[in-house]
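Working notes, beginning with the structure itself.
The values are calculated or read from the model by the stated rules, or taken from the named source; none is laboratory data. Predicted model only: the values in this text are computed from it and were never measured. Cβ sites come from the backbone with ideal geometry, for glycine too, and all protein chains shown count toward neighbours. Ligands, DNA and RNA are excluded from the accessible area calculation, which covers all protein heavy atoms including side chains. Shrake-Rupley method; radii C 1.70, N 1.55, O 1.52, S 1.80 Å.
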Amino acid sequence: LILSQLGPEIAQVPAALAEMGRHIATTSKTMGGDTKAAAEVLTTAMNQFQVSLDDPTRAAGEMGRMMNIMAAAAQAGSAELPAIKAALEQSGMAAKMAGISFAETNAAIQVLDKAGKKGSEGGVALRNVMSTLAQGRFLPKDVLEELTAVGVNVDTLTNKSLSLTQRLKPLQAIMDDGALISKLFGKENANAALALLSGLDTVDRYTASIQGTNA
């Protein structure tokens, strides 16, 4: 599974392959001993966030870091590893391209899960919210006018040097305007956007707490 999902070149560094195997075996203990499912969780995370395999040893270390972040996120929130995997399949690459960290992506997935956007549904919702932010100055003219009127700088929404919560925070000014929220994010994504906007402090708290653990 490792070689088919990540690449056969990893076999050229047996120590790295063995370390990845240990990470999968460890993860499987939280998944009823399902090694295949554990391998899929970890390789999905790495592929979605485009972890470089040029250095298999470093890639194995990154797999371990991702393992602990997802395990800690599952402990902190309500989404377990299979739901996290399903969400990452929909949102991981978009988050990577948007400059959102793996930890913050997991934190946002947990907040959306608690709001009822579970598994792939939460991943699609997160991807769509990020896609809306990425439009920036190309948002519909009437939406731009409304945002400008309440002091929202659309350049902030697309600033990849900022975290997801920092980009979203200015939009808290329009949370009570259901029509504008729906116009901005689309009716199908309005509830997810509101869940994130009302849970920015929780996203930040989760992001901080799920990093650097041995969960």
Do you know which residues across segment 30-46 are modelled with pLDDT of 95 or more and open to solvent by 60 Å² or more (accessible area, probe 1.4 Å)? 34, 35, 36
Would a scan of segment 146-160 turn up a residue that is of a type in the set (Gly, Ala, Ser) and in contact with a Leu (Cβ under 8 Å, 6 or more places away or on another chain)? no
Run residue 211 past the list (1) buried (at least 17 other Cβ atoms within 10 Å of the Cβ); (2) more than 27 Å from residue 43 (Cβ to Cβ) and report the number of the one that doesn't hold. (2)
Enumerate the helices (runs of 4 or more DSSP H) found wholly within segment 1-111, keeping only those where 1 or more residues are under 12 Å from the mean Cα position of the chain (by Cα). 35-48, 56-76, 81-97
Looking at (1) more than 18 Å from residue 65 (Cα to Cα); (2) open to solvent by less than 10 Å² (accessible area, probe 1.4 Å); (3) among the polar types (S, T, N, Q), which is the only condition residue 106 fails? (1)
Residue list for segment 5-29, filter: more than 24 Å from residue 84 (Cα to Cα), without any contact (Cβ under 8 Å) to a residue 12 or more places away in the chain and buried (at least 16 other Cβ atoms within 10 Å of the Cβ): none
Whether any residue in segment 143-151 is open to solvent by less than 10 Å² (accessible area, probe 1.4 Å), modelled with pLDDT of 95 or more, assigned to a helix (DSSP H, G or I) and under 26 Å from residue 206 (Cβ atoms) is what I want to check. no
Across segment 169-203, the tally of residues that are in a loop (DSSP other than H, G, I, E, B) and surrounded by 19 or more Cβ atoms within 10 Å (Cβ to Cβ) stands at 2
Could you pull out the residue among 76, 71 that is within 22 Å of residue 124 (Cα to Cα), open to solvent by 30 Å² or more (accessible area, probe 1.4 Å), modelled with pLDDT of 95 or more and in contact with a helix residue (DSSP H, G or I) (Cβ under 8 Å, 6 or more places away or on another chain)? 76
